[in-house]
Amino acid sequence: MSKSNLLNEQTIDLAEYNKEPIHTPGTIQPHGVLLVLQGPQFKIQQVSSNTFDLLGLQPEELLKKSLKDLLVDLEQIKIIKQYLSRDFESINPLKLAIKNEGKTVNFDGIIHRSGKAIILELEPVLSKDKNNFLSFYHLVRPVIVLMQKAQTLHDLCQVIAMEIRQLTGFDRVMIYRFSHNGSGTVIAEAKNKRIAPFMGLHFPDLDIPSQAKRLFSQSFLRLIPDAQAQPVPLIPTLNPTTKQPLDMSFCTLRSVSPCHISYLENMGVRAAMSISLIYQQRLWGLIACHHQSPKHVSYEIRTVCEFLGQAMALELANKEEHENLEYKLKLRSIQASLIDTMTQSDNFVDSLVADSSCLLDLVGAQGVALYLDERLICAGKTPKEADIYDLIPWVHTQIDNHIFYTDSLSKLYPPATPFQSVASGLLALSIAPNRQTSILWFRPEGLQTVNWGGDPTTQVEVEASGNLRLSPRKSFDLWQETVRQTALPWLSCEIEAALELRSSIVGIVLQKADELARVNLELAQSNQELDAFAYIASHDLKEPLRGIHNYSSLLIEDYAQLLDQEGVSKLQTLARLTQRMENLIESLLHFSRLGRVELFMQPIDLNEALKNALDVLRINHTSEALEIRIPRPLPVVLCDPTQINELFTNLISNAIKYNNKAQKWVEIGYLDADSAQLTDRLTKTSAHHPIFYVRDNGIGILEKHLGTIFQIFKRLHASSKYGGGTGAGLTIVRKIVERHHGKIWVESIADVGSTFYFTLKDEEENDAR
């Protein structure tokens, strides 16, 4: 039988199903007696109603007694009192002799706490072997040897299944492994030849509801000698102290859920035993034992089985490590290659995409996308970029401990349905959560056939009212499902490889950051030394230069009549050159001071700063036919007022100076994030800050010179053209912008005009980013 998909479990109220109080049934199985004691006198508060059958006393009689009234050996009371404050595992099981109508009956006693109550469970001793240690040793030792010889996880599971069946005599013993979604698979089986095999069959999550899994995680062994036995109620029903039903989570005698009884009956099982396999503090699986007729297992044998289950859990790490060993070695080789490439590269992203096949093979994916600073780089078979951009915000809400993975993306994220053919499986790795830097691997849809133990959809029945309810299915025969919208599941070694890649990237980035910080520190020290040198050298040069200038002026004034025209001309040239040199030194001094002076940051209305700069410029350019354009008021910016004034003065004076038009104009304005004038370059430069500009209709700048105009003393024309100058103005402008943590650049067309763009950011905001 085949179907395309299971019935959606969300169509029924699973929450109510999972709330069934199986830990407080108020009844026990009849093969033992339960006593609830109140310390320190061990007064009996509650008893199971079958005490007459096993102890020879009616429940009402026991409620008036203390535990010491039942025991033959009162030394047992002292032992129990001594260990009440310690782990009960150190004293369980207790061998107790109980008085019964003049006779002595031996019981195995299990004692533990439930809140403030002390629970004592008694089971009649069936084994006559008095040498418990040697018996235990002879039963366990050969199994441990076989476990150690097992080469693979499958071999280990098969050994345990066969040995547990030999020890207990159950018709069927299975190793049942849980998957990440709660369902389970029979991965090993030892059985009676007369019954149908369950090996390889899958069982849905609802077969073992969440509260049952929780109890399996708390108690290692559960025995049901006869699923059809009549449960025995507690007397009284509620605990007299708490007025609440007794919490029986750790009780071995706890009665069986009616739903589970129906499940076993439909399976043809009369007796059952399960042993929990706890690996890495989670329920990895179960050793499940079934029998077609009633069957009781002695406490000694159960202890051996529980021990073997715990020993197997310890071996799981070793055996899982050897699973897919060749594939794991391949992944480690790929990882080593990637790390080596990243270490030698200046940019880890470039190194990852340089050989995308390695990045894909690292986790067995067919497509990968790297998301870094809102930039997407794709390789292999991936969804469209627009779909990935939509997917990323959702993925980052799902990531836990830096990773998220699923083999059924469209079931969790319905918008993925259109591209399930390339991305039914997703493994997402978060590199830097604050910046949403991540790597996303994709796997395509792969049609799979899953063998189920019966049709899992028959767990849902329609009541007369039309409501849906859960009910155990009647058949456990092979039922096949064709699964769609699903990729091959991610293996644990692939997930580990992804996490190790993240650790390597973080380590390399931190190492690069340390190296960059060291270089920046050295550069800062070098710049400080250079500034200091420029300041001292410039200051010291001024005095002899002034002397040369003064002497040349005196020679022209006092000795001009003694010199011919050529001599006078040379003295005049000397005076002019010393004046130019003094101007250059003054510019150098000013530039060096810019890097040394402390900024006084404060909110400045740029309209006022611009007005002050224009007032000074108009005095020097009264004869110019000049139009100043300000399209809209400028904003308030946190900046140093003196330096911003100089910035505007230099840019606007350059716009006026390098202009040969009859009608000159200069426009000062800014663009914000919503401006229609924003180009791709402008948007990438600053999407969150105003972009200021100074535009003119001057002579423009040839494209070949755009990269050099901010260099100090770099002039594109002869010193005598366009009013002269030292060529330090734009260098000073750039220094001012950089000290405000901004950027400056120019766009220009020769003979049309130039536009200088710049941004300003305060230091605190820059640090936050």
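The values are calculated or read from the model by the stated rules, or taken from the named source; none is laboratory data. The model shown is predicted, which means the values in this text are computed figures rather than measured ones. We place every Cβ from the backbone using ideal geometry, glycine too, and count neighbours over all the protein chains shown. SASA here: full protein model, heavy atoms, side chains in, ligands and nucleic acids out. Shrake-Rupley method; radii C 1.70, N 1.55, O 1.52, S 1.80 Å.
Numerical summary
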| read-out | value |
| --- | --- |
| Tensor-based shape of the range 302-355 (alpha-carbon gyration tensor, a/c under 1.5 rounded, otherwise prolate or oblate) | prolate |
| Protection proxy ranking of 254-262, 731-739 - average other beta-carbon atoms within 10 Å, highest first | 731-739, 254-262 |
| Sorted peptide list for 263-273, 178-188, criterion being average Cβ within 10 angstrom, highest first | 263-273, 178-188 |
| Under 5 Å, built H, 5+ apart or other chain: amide partners of Gly39 | Ile118 |
| Heavy atoms of Ser430 accessible to a 1.4 Å probe, total area in Å² rounded to 10 | 0 |
| Links that overshoot a 32 Å alpha carbon limit, given the list Lys95/Lys116; Lys103/Lys243; Lys328/Lys411; Lys657/Lys743 | Lys103/Lys243 |
| Ordering of 406-415, 168-177 by burial proxy (mean other Cβ atoms within 10 Å per residue, highest first) | 168-177, 406-415 |
| For Gly367, residues with placed amide H under 5 Å, excluding near neighbours | Lys381, Phe442 |
| Probe 1.4 Å - accessible area at Asp558, Å² to nearest ten | 80 |
| Anisotropy class of the range 105-263 from Cα gyration tensor, a/c 1.5 cut | oblate |
| Stretch gain in nm, segment Lys611-Gln344, where the contour uses 0.36 nm per residue and the Cα spacing is subtracted | 90.8 nm |
| The range 202-285 shape via C-alpha gyration tensor axes, a/c threshold 1.5 | oblate |
